[in-house]
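Enquirer: Right, I'll just put the structure down here and ask away after.
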Amino acid sequence: MQKVTSKPTGDPSGQLQQLGTWHTASYLFRHTTTGEWPWILAGVLVLLTSSAIALLQPWPLKLVVDTILGSQAPPSLLSDLSLLLSQYLPWPADTKMGLLLLLCFCVLVIQLLMGTLMVLSTYILVAVGLRMVFRLRCRLFDHLQRLSLAFHDTTAVGDSLYRMTWDTYCVQSLFNSGVIPALTASFTLLGIASIMFVLDWLLTIVALSIGVPLVILIRRLDRPMKDRTLRAAERESNISTRVQETLSSIRAVQAFGRESAENQRFSAHADASLRAKLRLTVLQAWSQAMVGLLLAGGTAAVVWIAGQRVLQGMLTVGDVVLLVSYLAMLYQPLQTLALTAATVQGAAASARRVFSILDAIPKVMDKSGAIPLPRQTPGPIVFDHVSFAYDKRKQVLKDVCLEIAPGQTVALVGPSGAGKTTIANLFMRFYDPTEGQIRLNGVDLRSLTLGSLRQNMSLVLQEPVLFSSTIRENIAYGRPEATNERIEAAARAAGAHDFIQALPQGYETQIGERGVTLSGGQRQRLSIARAFLKDAPILILDEPTSALDSATEQQVLETLNRLMKDRTTLIIAHRLSTVRHADQIVVVQDGKIAEIGTHEQLLIGGRLYTDLYSIQAGHLAAI
């Protein structure tokens, strides 16, 4: 398997989407044909050889008409070959019968050579096209992963999925159904036109005269074809998004009995896709009908002139057969070029959808001159007058000032939507502050490389992120090179080893998507085991027990206390009982820090923390 890497680049002006069709193809090929040119040249050479052999197809029929059925003398080469074969094979002694058999044999040989070369060229060139898709997909996937959360927050997963799985085939379509057929058709067209011009220059000019209206037709259809193709792709993408959202929330759909409503929403998207594709199909059918009409007009003109010349004795019947055969072969590449234009428009529309992602530049990325943060050496964390807004209309954080000493445990509490998770997201550089600085070891986080910063952090979320793979792979996700002994030691530290061993395949047990085959407590323990194995000096806990029952919560808290030992820890919590032993409790309200202190200090203060604690204590007492 080839290894493809890419840097998080983009086109800030969105110029990629404004490129013309052939410029779009050129841009795609420049970035996906690396190492493929020897194969491309070999495939094209074989294909052109097959096309050249195809030019011989009408000649056996012409010779049959003129020499076998007619009175013309056969070419000397053909007579000599027939005579030679009759000396060594049971070949018909009669000259005409021998020639007829030889010409029939030539038909088979020509077709055999054409077919063999066509299969070989198809294999080579389709393999090239698929490898180009592979490169484009890898580049797009790599870029998608590096885009900031701001992009993913506003882009449906289903839409990105459709662009990854289907729109990336645009490069193969452009290559195998666009450029290669156009190249072959052009070569064939040139070869046939040259032969016809030698036979009868006037007929050739008449036959080629339809090229002018054909080009005008293609250019006129360029914009509507592009627009309708893009619209059809967008409607299909909407279907993918609808399916992804529904299936990922299937429990809620079934729990609320919303199957019929979701089916109606899906039907609406499917109907829009149907109509968009139908409009595209009608346009394509009309374009093919117009192309057919132009070709029929050219054929009629050629037949009229050729028939007159036969009647005048200027051409033989065999010449007419040859010319008409070449005329059909001439119009086939012309028709191919016309149909290729429609195919290329469709592929270009998909390419522009891919470019819309490649255009996007990560808002959070390594700046020039960023320095790595040495592992296991974090110092104080300082939020220095930090403000942040997801968009210009609403500020989420306002002038936050906070200092966390090394090894200290700090809890962020407050009402929902106060900005607690945003503080943690800024610290992990999922976003950058719109104002102020966040410093680690006295260095602005924006001056550190993202990789080294996040290597020094472990994250445990409210809903554990698990992948559809083995338990061993899930635990080792943050440190894939870890030995089995270290993985099992991390599982023991997280209290997960016993339940893992009780599973049918132990650490090799495959868990379903997001770990749905495990209980909530088991999933959280695997997430904690992952943090133990990574052994990062900074730990961020985002409401890690809020989804657990009281008994499981207590067990997980005991495990988390072992994990937090000797680490700088930032805890986001709704349940104040879980953070009462924190070194600092930071109360966040309306994007600002309202209070800071220990549990005891804040209770004495009698402000927001006291109110929150009293409400929760009263609720627990009522239970």
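Just so you know, all these numbers are worked out from the coordinates, no wet-lab data involved. Keep in mind the model is a prediction, meaning the values are calculated, not measured. All Cβ positions, glycine included, derive from the backbone under ideal geometry; neighbour counts span all protein chains shown.
Enquirer: Which one, L217, V320, W39, is farthest towards the positive end of the dipole of segment 15-358 when Lys and Arg carry +1 and Asp and Glu -1 on their Cβ?
Expert: Selected residue: L217.
Enquirer: Once Lys and Arg get +1 and Asp and Glu get -1 on their Cβ, which of M114, V253, N176 lies farthest toward the positive end of the dipole of segment 15-358?
Expert: The listed residue farthest towards the positive side: V253.
Enquirer: Want the number for E245 to F467: 0.36 nm per residue separation, take away the alpha-carbon distance, what's left?
Expert: 78.1 nm is the gain from fully extending E245 to F467.
Enquirer: Continuing with this model, one more query. How high is the relative contact order of segment 359-489, in percent, with contacts defined as C-alpha pairs under 8 Å that are six or more residues apart?
Expert: 31 percent
Enquirer: Quick one: grab the alpha carbon gyration tensor of segment 15-358, order the square roots of its eigenvalues as a ≥ b ≥ c, and give me rounded if a/c is under 1.5, else prolate or oblate depending on whether a/b is larger than b/c.
Expert: prolate
Enquirer: Need one word for segment 428-553: rounded, prolate or oblate. Basis is the Cα gyration tensor (sqrt eigenvalues a ≥ b ≥ c); a/c below 1.5 gives rounded, then a/b vs b/c decides. If you can, show how the numbers build up before the last one.
Expert: On the way: a/c = 2.41, a/b = 1.77, b/c = 1.36.
Verdict is prolate for segment 428-553.
Enquirer: Sort out for me the Cα centre separation of segment 143-158 from segment 557-602, rounded to whole Å.
Expert: The distance from the Cα centre of segment 143-158 to that of segment 557-602 comes to 31 Å.
Enquirer: Where nothing but the Cβ of Lys and Arg (+1) and of Asp and Glu (-1) is charged, how large is the charge dipole of segment 15-358 around its Cα centre, in debye to the nearest 20?
Expert: On the way: 26 positive and 18 negative charges, 227 e Å.
The dipole of segment 15-358 has a size of about 1100 debye.
Enquirer: Ranking request for peptides 129-142, 72-85, 391-404: highest mean number of other beta-carbon atoms within 10 Å first, then the rest in descending order.
Expert: 129-142, 391-404, 72-85
Enquirer: Something else about it: Given H placed on each backbone N at 1.01 Å, which residues far from E403 in sequence or on other chains put an amide H within less than 5 Å of it?
Expert: Sorted by chain and number, the residues that satisfy this are F383.
Enquirer: Please tell me the relative contact order of segment 152-249 in percent, rounded to the nearest whole number, where contacts are Cα pairs under 8 Å and at least six residues apart. Please report the intermediate quantities before stating the final value.
Expert: Details: 25 pairs, mean separation 63.8, N = 98.
The value is 65 percent.
Enquirer: Using a cut-off of 19 Å between alpha-carbon atoms, which lysines can reach K62, once sequence neighbours fewer than 8 places away in the same chain are excluded?
Expert: K96
Enquirer: Could you name the lysines whose alpha carbon sits less than 30 Å from that of K394, not counting residues in the same chain fewer than 8 places away?
Expert: Straight-line reach from K394, under 30 Å: K363, K367, K420, K592.
Enquirer: In whole percent, what relative contact order does the chain give with Cα contacts below 8 Å and a gap of six or more residues?
Expert: Numbers: 879 pairs, mean separation 92.6, N = 623.
Relative contact order comes out at 15 percent.
Enquirer: Where both residues lie in the chain, what percent of DSSP beta bridges are antiparallel, nearest 5?
Expert: 50 percent
Enquirer: Moving to a separate point now. Given R₀ = 60 Å, FRET efficiency for D153-E485 by Cβ-Cβ distance, to 0.05?
Expert: The formula returns an efficiency of 0.90 here.
Enquirer: How large is the charge dipole for segment 383-473, taken about the Cα centre, if only the Cβ atoms of Lys, Arg (+1) and Asp, Glu (-1) carry charge, to the nearest 20 debye? Present the calculation step by step, with values, prior to reporting the outcome.
Expert: Working: 10 positive and 9 negative charges, 33 e Å.
Approximately 160 debye in magnitude.
Enquirer: Quote the convex hull volume per residue of the chain, based on C-alpha atoms, as a whole number of Å³. Could you put the intermediate results ahead of the total?
Expert: Details: hull volume 143.7 nm³, N = 623.
Considering the Cα atoms of the chain, their hull volume per residue is 231 Å³.
Enquirer: Excluding residues on the same chain fewer than 8 positions from K565, give the lysines whose Cα lies under 20 Å from its Cα.
Expert: K534
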